[in-house]
Amino acid sequence: MDYDITKFLWSLLGLFIVLNWGMLMSSTMRRVGARLAGRIGVPLYQPWVDLIKLISLRTYLSHGFMYYIGPAFRLVGGVGMFLFMPVLFGSDIWSNYSFSGDLILLLYFQSFGMLGMAMGASESGSPHAAIGISRGLSQFAAVEVPMTLAVIAIAIQHQTFSFHEIMAAQQGGIMNWTLFTNPLASIAGMLAMLGAMSHSPFNLVKAPNEIPIGPPTEYHSSFLSVLRTNSAIIHVVEAALFMNLFFGGADNWIEYIIKTFFVYFISVFVGMVFPRFKIEDSVRWFLKWPTLIGIIAVLVAAYWS
Amino acid sequence: MEEKKDKFLKPENEVRQVEAPDGSIIKIDPLKDYYSQEKPEPYKVKEGPVENFLNWARAESLWVLGFGTGCGSIEIPPLVTPRFDMYRYGVQMRATPRQSNVFVVSGYLSVKTLKRVIRTYEQMPSPKYVIALGSCTINGGMYWDSYNTINRLDHFLPVDVYIAGCMPRPEALLAGFGKLKELIKEGKGHKANEYAENFEWYKENQKKIIKDWNMPDYNW
């Protein structure tokens, strides 16, 4: 593979845009939630201020090597998802490092950060972190099932594991979106998205008022700022993943921003309406309806193709 | 400080000998091995535009430790309701001391609670601030002659902002946060430094009150 510095710089610019959009989106969604509760909510610039404050703390504490590596793994998970997925359809400079099998790689990157974080948080020695990890991993294992089934159904439908080809097949009008050409896979995938976004019904893992904060209990200062940077990136990238799979991808940045906003908004909307699941309930839920719909979607896709 | 041989030492914190997997015998002193005993170091106070900007960020993002210590803790939950809404001012609740900057000591402190408060305060990363809520933290208030509560919080932890009243209303608490912000922006939020500089004095006061010390001097 030849090394291309301009491609790298374009990807870096894309990452910068996605990071800032993720921060803005998170404070916007918090304001939406606050309005629903009758409050005004945080200022729009709050995530940036939090980040600066975390970096400027004066004392640090480390629990060992993996404690350092944990947030780095998590960040690599988010950045990797961004780098190996085309940002805009039909654009050479915004296609990042996507290749013909990028969809499979993306599924791996989704769990990559989670596993790294599990190792880092368990090094911190806090029992709260250990409980949080076991909860997080068991929920994520359950989320993966319907998501993978939906991806398999789409892969059978379009006979490809490439994002670019899946996006290409959805061009030319709303009725060509996977949402309408393969509704069963879309339903299974969007239900799995609720878990992947870890918003309200499924946010037991990281909710501040459960066992303190879950896996990042011991993380503070720059460690926590890396985690928050990643969460800003990963919310946009996860939304972009589902946008590419079900909602036709995006041709330009405006479309990208609008579509990722609404995909993310679905999970926030559901979160505002439904209270939090216990972890055993959420695992059971994911393995019941979304999985069932996913299996039917795969069977239907296999039958018709 | 003299080493206390206390009768309150829990069995799991006693010095013991353990056989390692390779057969050798190793000595374990949990208070030394499981906690960081390093004393807090005072840092050098910086000045200049960069520091001013960082101070602004510190002031605009106050993360409060959600630890109800006295009867004043009932005044904190209304702050997240529509009527008071502290999120507007960048004040947010955190559940763990590692991630918080502001410790709201809400009301009287019994001897038992004081021990937990000290441990929690020491676990917070610097710069950290203490808001003392209610008269009980200033002079003991209505618990002035109680056998089981402390009178002046100032003797045990460095306090940034006092809020007088019994009990102060949530508005008073919001005003206190506003005052704390002003102090930080003016570059006066260095009470953690004060704690490190007068460490011996604070520890002496704390150990006078807490009889069953049973923990390292400074626990991170």
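Determine if segment B:102-119 includes at least one residue that is farther than 30 Å from B:Ser146 by Cβ and either at pLDDT 85 or above or within 14 Å of another protein chain (Cβ to nearest Cβ) (or both).
No.
Given the criteria modelled with pLDDT of 85 or more, farther than 13 Å from A:Phe163 by Cα and not basic (Lys, Arg), does A:Val79 qualify?
Taking the combined requirement at face value, the residue satisfies it.
One line per residue, one yes/no per condition, for (1) in contact with a helix residue (DSSP H, G or I) (Cβ under 6 Å, 6 or more places away or on another chain); (2) surrounded by 21 or more Cβ atoms within 10 Å (Cβ to Cβ):
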{"position": "A:Ala185", "(1), (2)": "yes, yes"}
{"position": "A:Pro201", "(1), (2)": "no, no"}
{"position": "A:Ser225", "(1), (2)": "yes, no"}
{"position": "A:Val237", "(1), (2)": "yes, yes"}
{"position": "A:Trp253", "(1), (2)": "no, no"}
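Have a look at A:Ser95, A:Ser11, A:Ser27 and point out the one that is within 17 Å of B:Ser61 (Cβ to Cβ), out of contact with any Gly (no Cβ under 6 Å at 6 or more places or on another chain) and not acidic (Asp, Glu).
After ruling out the rest, the residue left standing is A:Ser27.
Out of (1) farther than 30 Å from B:Glu186 by Cα; (2) surrounded by fewer than 16 Cβ atoms within 10 Å (Cβ to Cβ); (3) at pLDDT below 85; (4) of a type outside the set (Val, Ile, Thr), what's the single condition that is false for B:Tyr43?
Result: B:Tyr43 fails condition (1) only.
Please verify whether A:Phe8 is surrounded by fewer than 15 Cβ atoms within 10 Å (Cβ to Cβ), closer than 24 Å to B:Pro97 by Cα and more than 17 Å from the chain's Cα centre (by Cα), treating the condition exactly as stated.
No; evaluated as a whole, the condition is false for this residue.
Evaluate the following for A:Val42: is it within 12 Å of another protein chain (Cβ to nearest Cβ), in contact with a Ser or Thr (Cβ under 8 Å, 6 or more places away or on another chain), in a helix (DSSP H, G or I) and buried (at least 18 other Cβ atoms within 10 Å of the Cβ)?
no
It is to be established whether one or more residues within segment B:156-169 are in a helix (DSSP H, G or I) and touching a residue at least 24 places away in the same chain (Cβ under 8 Å).
Scanning segment B:156-169, I find no residue that is in a helix (DSSP H, G or I) and touching a residue at least 24 places away in the same chain (Cβ under 8 Å), so the answer is no.
Is at least one residue of segment B:78-85 over 13 Å from the mean Cα position of the chain (by Cα) and more than 19 Å from B:Glu171 (Cα to Cα)?
No; the residues of segment B:78-85 include none that is over 13 Å from the mean Cα position of the chain (by Cα) and more than 19 Å from B:Glu171 (Cα to Cα).
Would you mind telling me which numbered condition in (1) surrounded by 16 or more Cβ atoms within 10 Å (Cβ to Cβ); (2) more than 14 Å from chain A (Cβ to nearest Cβ); (3) at pLDDT 90 or above B:Glu186 fails?
The number of the failed condition is (1).
So if I check each of B:Val91, B:Val64, B:Val117, B:Val105, which one is in contact (Cβ under 8 Å) with a residue 24 or more places away in the chain, within 29 Å of A:Arg35 (Cβ to Cβ), of a type in the set (Val, Ile, Thr) and touching a Ser or Thr at 6+ places or on another chain (Cβ under 7 Å)?
B:Val64
Can you report the number of residues in segment A:49-89 which are outside any loop (DSSP other than H, G, I, E, B) and within 13 Å of chain B (Cβ to nearest Cβ)?
Of the residues in segment A:49-89, 8 are outside any loop (DSSP other than H, G, I, E, B) and within 13 Å of chain B (Cβ to nearest Cβ).
The values are calculated or read from the model by the stated rules, or taken from the named source; none is laboratory data. These numbers come from a predicted model, not from an experiment. Quick reminder, even Gly has a Cβ in these numbers, built from the backbone with ideal geometry, and neighbours come from all protein chains shown.
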